[in-house]
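S.K.: Supplied in C-alpha cells, the structure appears directly below.
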Amino acid sequence: MSAESTPDPAIPGTGESRSTGPGRRGKGRRRKPRAKRRKALLVAAWSAAGVVVLGGTGAGVLYFKLNGNLTSVDIDQALGADRPEKADNGSENILVLGSDTRAGGNDKLGGGTDDGTARSDTAMIVHVYKGHKKASVVSIPRDTLIHRPACTGTEGGEQPAADDVMFNSAYSTGGAACAVKTVESISGLRMDHYLEVDFSGFQNLIDDLGGVKITTTENIKDPDSHLNLTAGTHTLDGEQSLGLVRTRHGVGDGSDLGRIQLQQAFVKALVQQVKDIGVLGNPKRLYDLADTATKTVTTDSDLGSVNSLMSFASGLKGIEPDGMHMVTMPVIYDPADANRVLMQKDKAQQVWTALKNDRPIPASATEGTAAGGAKGVVNAS
C-alpha cells in the first residue's frame, strides 16, 4: 500500500471518486443563522466525552441560558417515514459527523481554501447498548466508494442516486440529512440522533478541558497537520489535538485508515480525561466548557435544547473508556485505485446484524480487513 493513499483534506482535489455522477457536485450546506459555523472534525469527541461533561454536572437551570448557542437540524422531517425502524431493545444509534469545510475561519486550522463546499471528514456510528454501560463505535472511512441514495440537495431540488461515489460526498450533496440517509442505507440501522462539531470548536473544547494526556509509542511528525511529537507521554493542547486526529502522513501506511485508528485512540483518551478532571468545583471552568460545547455542536432537533441534551448526556455518563469497543467498517483497498476503499459486504453485514440485535461486534467481522498500520501508536495515559 502506497503512502500516497487517501488524500488529506488539506490538499486540494480531495473528495473525487472515479465516478462522474452528480453526487460530487453538491454545494456546501448553508444553515441559517450559523452559516459561518460549518462543522468539522471528530464529533465523536463531543458525543463520547463533551456531552458527558454537561450531563454529569447537575447544574440544571444555568444551561438554559445556553440554549441560544445550539444549532439543530430536523432530520426526521427531512427524511420522512421511509427509514429503518427504531430499535425496541433499549439501544440507540448516534451518527457523529464532521466536515472538512474551510468556511468561517476554519481554513486557518484545517488548511486548504474555502471553496464553498463541505464533505464529511469523519463519520462514526456510536451504538449505545441497552443499559447504557457499553458502546460500540464504527468508523466509516470517508474514501469508501458506495451507492448514495437520492437526496434533497443543499440548495433544494432532488439529487438522483449515484453509484461508485465516495462516502464523504453525501454530506456535500445534501448536508446532514443526506449523510444520515446514506448511513442508514449502508447499514440498515436507524440513526436515533445526529451530532456535529467544527475545527475551531474542537480546538477550544480541548483547551477548556486543560488538554488531553496521551502516550505515543513512536515519533509523529507531519508538517501538513502542524504536528511534531516525540515518542513518550504528552498533554496535548487544542491545536496539537487537532493535528493528531488529522494527521495521516506521520504514522502507519499514510492512509485515512491509519488516521481513523489515531482518532479512535484519542477519543478513548478524551473520555478518560473528562472522567478524571474535577470541573464540578470550578463554576467558571464548567461554564466555559458548556459555552464552548453548545456553540460547537449541531444536533438533530430532538436534542436541540440544553435540557434535552443534558438528559441525553446523563444517559451516557456510565460508559467508561474500557466499555467502548472501537472498530472500522470492514473495507479492502480498491484494486483499481489505491486511494479508495471498498466495503467488504459480508463482514460489514456481521457488524450491522450485531448492532441491530444489540450484541457485541464479533472479532471475525474485522479479521483480514484493511487497517492502516497505526494501531497502538497512540494510547490513553
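The values are calculated or read from the model by the stated rules, or taken from the named source; none is laboratory data. On a predicted model such as this, the values are computed, not experimentally measured, just so you know. Positions of Cβ are generated from backbone atoms using ideal geometry, with glycine treated the same way; all protein chains shown enter the neighbour counts. Only protein heavy atoms, including side chains, enter the accessible area calculation; ligands, DNA and RNA are left aside. Shrake-Rupley method; radii C 1.70, N 1.55, O 1.52, S 1.80 Å.
S.K.: Residues to consider are LEU342, LEU355; find the one that is assigned to a strand (DSSP E or B), modelled with pLDDT of 95 or more and not aromatic (Phe, Trp, Tyr). Before you say what the answer is, go through the steps one by one.
M.R.: Working: LEU355 fails: assigned to a strand (DSSP E or B).
Answer to the check: LEU342.
S.K.: On to the next question. Could you check segment 371-381 and list, in sequence order, the residues that are crowded, with 19+ Cβ neighbours inside 10 Å and touching an Asp or Glu at 6+ places or on another chain (Cβ under 9 Å)?
M.R.: The answer is GLY372, ALA374, VAL377.
S.K.: Scan segment 138-161 and tell me whether some residue there is open to solvent by 10 Å² or more (accessible area, probe 1.4 Å) and acidic (Asp, Glu).
M.R.: Yes, because at least one residue in segment 138-161 is open to solvent by 10 Å² or more (accessible area, probe 1.4 Å) and acidic (Asp, Glu).
S.K.: Return the residues of segment 138-169 that are β-branched (Val, Ile, Thr), at pLDDT below 95 and under 15 Å from GLU184 (Cα atoms); say none if nothing qualifies.
M.R.: Residues satisfying the conditions do not exist here.
S.K.: Would you confirm, using the coordinates I've provided, whether ALA370 is farther than 30 Å from ASP276 by Cβ, in contact with a Phe, Trp or Tyr (Cβ under 9 Å, 6 or more places away or on another chain), at pLDDT below 95 and not in a helix (DSSP H, G or I)?
M.R.: Details: farther than 30 Å from ASP276 by Cβ: yes; in contact with a Phe, Trp or Tyr (Cβ under 9 Å, 6 or more places away or on another chain): yes; at pLDDT below 95: yes; not in a helix (DSSP H, G or I): yes.
It is true that ALA370 is farther than 30 Å from ASP276 by Cβ, in contact with a Phe, Trp or Tyr (Cβ under 9 Å, 6 or more places away or on another chain), at pLDDT below 95 and not in a helix (DSSP H, G or I).
S.K.: I need every pair where a residue in segment 209-228 that is more than 26 Å from LYS275 (Cα to Cα) has its Cβ under 7 Å from the Cβ of a residue that is modelled with pLDDT of 90 or more and assigned to a loop (DSSP other than H, G, I, E, B), sequence separation at least 6 or different chains.
M.R.: Note: pairs meeting the criteria are GLU218/ALA231; GLU218/VAL377; ASN219/THR230; ASN219/ALA231.
S.K.: On to the next question. For the subset of segment 318-335 comprising residues that are surrounded by fewer than 17 Cβ atoms within 10 Å (Cβ to Cβ) and either part of a loop (DSSP other than H, G, I, E, B) or among the β-branched types (Val, Ile, Thr) (or both), which member is farthest from the chain's Cα centre (by Cα)? Can you show your working first?
M.R.: Keep residues of segment 318-335 that are surrounded by fewer than 17 Cβ atoms within 10 Å (Cβ to Cβ), which gives 318, 320, 322-323, 325, 332, 335.
In the following step, the residues that additionally are either part of a loop (DSSP other than H, G, I, E, B) or among the β-branched types (Val, Ile, Thr) (or both) were identified as 318, 320, 332, 335.
Working: GLY318: 21, GLU320: 19, ILE332: 21, PRO335: 27 Å.
The qualifying residue farthest from the chain's Cα centre (by Cα) is PRO335.
S.K.: Within segment 301-313, can you find the residues that are touching a residue at least 60 places away in the same chain (Cβ under 8 Å), open to solvent by 10 Å² or more (accessible area, probe 1.4 Å) and touching a strand residue (DSSP E or B) at 6+ places or on another chain (Cβ under 9 Å)? Show your work before the answer.
M.R.: Keep residues of segment 301-313 that are touching a residue at least 60 places away in the same chain (Cβ under 8 Å), which gives 301-307, 309-313.
Checking the rest, the ones that are also open to solvent by 10 Å² or more (accessible area, probe 1.4 Å) come to 301-302, 304-305, 307, 310-312.
Result: SER301, ASP302, GLY304, SER305, PHE312.
S.K.: Can you name the residue in segment 336-353 that is free of Cβ contacts under 8 Å to residues at least 12 places away in the same chain and under 20 Å from GLU85 (Cβ atoms) and, of all such residues, is most open to solvent (accessible area, probe 1.4 Å)?
M.R.: That would be GLN349.
S.K.: Looking only at helices (runs of 4 or more DSSP H) that lie completely in segment 191-284, which have at least 3 residues being touching a strand residue (DSSP E or B) at 6+ places or on another chain (Cβ under 9 Å), closer than 13 Å to VAL378 by Cα and open to solvent by less than 10 Å² (accessible area, probe 1.4 Å)? Please lay out each step first, then the result.
M.R.: Details: elements: 199-209, 238-246, 256-276.
By residue number, 238-246, 256-276.
S.K.: Scanning for something part of a strand (DSSP E or B), modelled with pLDDT under 95 and under 16 Å from THR328 (Cα atoms), does segment 96-111 turn up at least one residue? Step through it out loud before you land on a result.
M.R.: Residues of segment 96-111 that are part of a strand (DSSP E or B), as a first pass: 96-99.
Right, trim to modelled with pLDDT under 95 and you get 96-99.
Now narrow it down to the ones that are under 16 Å from THR328 (Cα atoms): 96-97.
Yes, some residue in segment 96-111 is part of a strand (DSSP E or B), modelled with pLDDT under 95 and under 16 Å from THR328 (Cα atoms).
S.K.: Given (1) open to solvent by less than 70 Å² (accessible area, probe 1.4 Å); (2) closer than 22 Å to VAL251 by Cβ, identify the lone condition not met by SER364.
M.R.: Unmet condition: (2).
Every residue, every condition in (1) β-branched (Val, Ile, Thr); (2) more than 25 Å from ILE94 (Cβ to Cβ); (3) touching a Lys or Arg at 6+ places or on another chain (Cβ under 7 Å), yes or no:
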site	(1), (2), (3)
ASN219	no, yes, no
THR230	yes, yes, no
LEU242	no, no, no
VAL245	yes, no, no
GLY250	no, yes, yes
ALA265	no, no, no
